[in-house]
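The structure under discussion appears below in the form of structure tokens.
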Amino acid sequence: MLKKIETPIPIMKPYLPPKEAFMKYADSIWETRHLTHGGPLVKKFSNLLSEYLKVAHTVVFANGHLALDCALKALGIKDGEAITTPYTYISTSNALSMNGLKPVYCDIKEEDCSIDENKIEALITEKTKVIVPVHVYGFPCKYKKIQEIADKYNLKVVYDAAHAFGVEVEGRGIGSLGNASMFSFHATKVFHTVEGGAVTTEDDSLEEKLIAAKNFGMINADDATTISFNAKMTEIHAAMGLANLEIVDWEILQRKQIIERYIENLKNINGIRLFHWDKKDVKYNYSYFPIILEEKVLDKNRDFIAEILATKYNIFTRRYFYPILSDMSCYKKTHNSNQTPIAKHISDQVLMMPLFVEMTPSQIDYVCDAIKEILNG
Ligand SMILES: *Cc1c(COP(=O)(O)O)cnc(C)c1O
């Protein structure tokens, strides 16, 4: 029997840059008195992000959710249907709904939890305006097939890349795909600005529209062409982003080593399915470490295992994503979760393991030993 660890192991823990690194950027605000409205720090941050993410344009926002909403507004996508998945955070569907787009749920793939590109076409109607795939856990969607379908039916593609900061596929920045991509810089994400987000695009005509969309739709001091809200990122948040950008590669490397240790510990356990982390054409960001506790094989279910991990071992995990959106009260009336059986099934079996930059090898081993003990008990 393992002894209950004294200090709880949390599901995650935000990482902060050295105070001096943050102050180095924030200091200038006292001189410039430029606090918001695309000041020098936001400009510098946006440019460095474009470089880091290997994209043509980056516009930063107050958070990821409003960034996604503004991407739709800037592209003029509203009133109709959007093909997306129910296996994501509620933000994705809410942004669609709030722009008059009914989310039409496509099922996902067991392999990586992203949209099943082979099931999209059957869901297209004359009302379909856009496909909104999610790079779940930072695993890239099959973008070529998705683009092919979009081109064939003249649809837009907007990616929810909230999980995918820094991910590359075939040497391309993941934010360069489709018409636009949304990143979240929330405190719980791989890269953060406390709260924040961005839209990236290769479309030269989109940048100004995105900037207008985060400023009430105002295109200049005297006119607005679309009706929008305030979603600007402040200079203080940009300072945090600039300081974090200096260490993000190191952070991703720490996460990689943690995940490698998890895999080493948990591979070849009957009833635990791990995801693939070894695709040659993908540069991962190691944002999350989800495992699938296979119902068919195990005599204990996911919720029981999570409960015992918390109460007996002081280890905190998360059902991410559970439930799927079509089982949430606000979408239940209009959607049927049985139409996406794989999403539903995965959501009943998935468990997110603790993962944070400062996690120690002995903490990782303790988590894995606890799981093994529960499964064998
Ligand atoms: C975090 C997240 C969002 C929302 O981002 P915020 O910055 O918190 O507004 C949207 N979609 C997914 C998949 C997310 O994980």
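From the residues in region 83-100 that are closer than 19 Å to Asn338 by Cα and buried (at least 17 other Cβ atoms within 10 Å of the Cβ), which one is farthest from the ligand (Cβ to nearest atom)?
Ile83
For region 141-237, give me every one of the strands (runs of 3 or more DSSP E) that falls completely inside it and has 1 or more residues that are of a type in the set (Asp, Glu).
Output list reads 156-160.
For region 246-288, enumerate the residues that are more than 23 Å from Asp348 (Cα to Cα) and in a loop (DSSP other than H, G, I, E, B).
Matches in region 246-288: Glu246, Ile247, Asp278, Lys279, Lys280, Asp281, Tyr284, Asn285.
Can you tell me how many residues within region 156-203 are among the β-branched types (Val, Ile, Thr) and within 9 Å of the ligand (Cβ to nearest atom)?
Qualifying residue count, region 156-203: 1.
Between Lys13, Lys44, Lys78, which is farther than 23 Å from Ile146 by Cβ and over 20 Å from the mean Cα position of the chain (by Cα)?
Lys44
Can you pull out every residue in region 175-224 that is among the hydrophobic types (A, V, I, L, M, F, W, C) and without any contact (Cβ under 8 Å) to a residue 24 or more places away in the chain?
Within region 175-224, Phe216, Met218, Ile219, Ala221, Ala224 qualify.
Working only within region 225-261, note down all residues that are over 30 Å from Arg33 (Cα atoms) and in contact with a Leu (Cβ under 8 Å, 6 or more places away or on another chain).
Once the filter is applied, which keeps residues that are over 30 Å from Arg33 (Cα atoms) and in contact with a Leu (Cβ under 8 Å, 6 or more places away or on another chain), region 225-261 yields Arg255, Ile258, Ile259.
Could you tell me which numbered condition Ile124 fails, if it satisfies all but one of (1) more than 11 Å from the ligand (Cβ to nearest atom); (2) out of contact with any Asp or Glu (no Cβ under 8 Å at 6 or more places or on another chain); (3) under 26 Å from Glu207 (Cα atoms); (4) not hydroxyl-bearing (Ser, Thr, Tyr)?
It is condition (3) that Ile124 fails.
Just checking, does region 90-111 include any residue being touching a residue at least 12 places away in the same chain (Cβ under 8 Å), within 21 Å of Thr188 (Cα to Cα) and either touching a Lys or Arg at 6+ places or on another chain (Cβ under 9 Å) or not assigned by TED's automatic domain parsing to the domain that holds Pro133 (or both)?
Within region 90-111, none of the residues are touching a residue at least 12 places away in the same chain (Cβ under 8 Å), within 21 Å of Thr188 (Cα to Cα) and either touching a Lys or Arg at 6+ places or on another chain (Cβ under 9 Å) or not assigned by TED's automatic domain parsing to the domain that holds Pro133 (or both).
Let me spell it out: the conditions are (1) of a type outside the set (Ser, Thr, Tyr); (2) farther than 19 Å from Glu51 by Cβ; (3) surrounded by 14 or more Cβ atoms within 10 Å (Cβ to Cβ); (4) in contact with a helix residue (DSSP H, G or I) (Cβ under 9 Å, 6 or more places away or on another chain), and Arg255 meets all of them except one. Which number is the exception?
(4)
Return the only residue of Lys152, Lys78 being touching a strand residue (DSSP E or B) at 6+ places or on another chain (Cβ under 7 Å) and surrounded by fewer than 24 Cβ atoms within 10 Å (Cβ to Cβ).
Lys78
Please state which one of Leu35, Leu72, Leu41 is touching a residue at least 40 places away in the same chain (Cβ under 8 Å), assigned to a helix (DSSP H, G or I), in contact with an Asp or Glu (Cβ under 7 Å, 6 or more places away or on another chain) and over 28 Å from Ile346 (Cα atoms).
Leu41
Could you tell me which numbered condition Pro103 fails, if it satisfies all but one of (1) touching a strand residue (DSSP E or B) at 6+ places or on another chain (Cβ under 6 Å); (2) more than 12 Å from the ligand (Cβ to nearest atom); (3) outside any strand (DSSP E or B)?
Pro103 satisfies every listed condition except (3).
When you scan region 130-148, how many residues do you find that are buried (at least 24 other Cβ atoms within 10 Å of the Cβ) and more than 16 Å from the chain's Cα centre (by Cα)?
Residues meeting the conditions: 2.
Could you name every one of the helices (runs of 4 or more DSSP H) located completely within region 297-377 that has at least 3 residues being farther than 22 Å from Tyr286 by Cβ and among the hydrophobic types (A, V, I, L, M, F, W, C)?
Output list reads 302-313.
Identify all residues within region 26-54 that are more than 16 Å from the ligand (Cβ to nearest atom) and among the aromatic types (Phe, Trp, Tyr); write none if there are none.
Scanning region 26-54 gives Trp30, Tyr52.
Kindly evaluate Glu111 against the criterion of being in contact with a helix residue (DSSP H, G or I) (Cβ under 9 Å, 6 or more places away or on another chain), modelled with pLDDT of 95 or more and away from the ligand (no atom under 16 Å from the Cβ).
no
Mind checking whether some residue in region 277-300 is in contact (Cβ under 8 Å) with a residue 24 or more places away in the chain, more than 26 Å from Tyr89 (Cα to Cα) and surrounded by 14 or more Cβ atoms within 10 Å (Cβ to Cβ)?
There is at least one residue in region 277-300 that is in contact (Cβ under 8 Å) with a residue 24 or more places away in the chain, more than 26 Å from Tyr89 (Cα to Cα) and surrounded by 14 or more Cβ atoms within 10 Å (Cβ to Cβ).
Among His57, His65, which is more than 15 Å from the ligand (Cβ to nearest atom) and assigned by TED's automatic domain parsing to the domain that holds Asn215?
Residue meeting the stated conditions: His57.
The values are calculated or read from the model by the stated rules, or taken from the named source; none is laboratory data. Computed from a prediction, not measured in an experiment: that's the story for all the values here. Cβ coordinates were reconstructed from backbone atoms using ideal geometry, including for glycine residues, and neighbour counts include every protein chain displayed.
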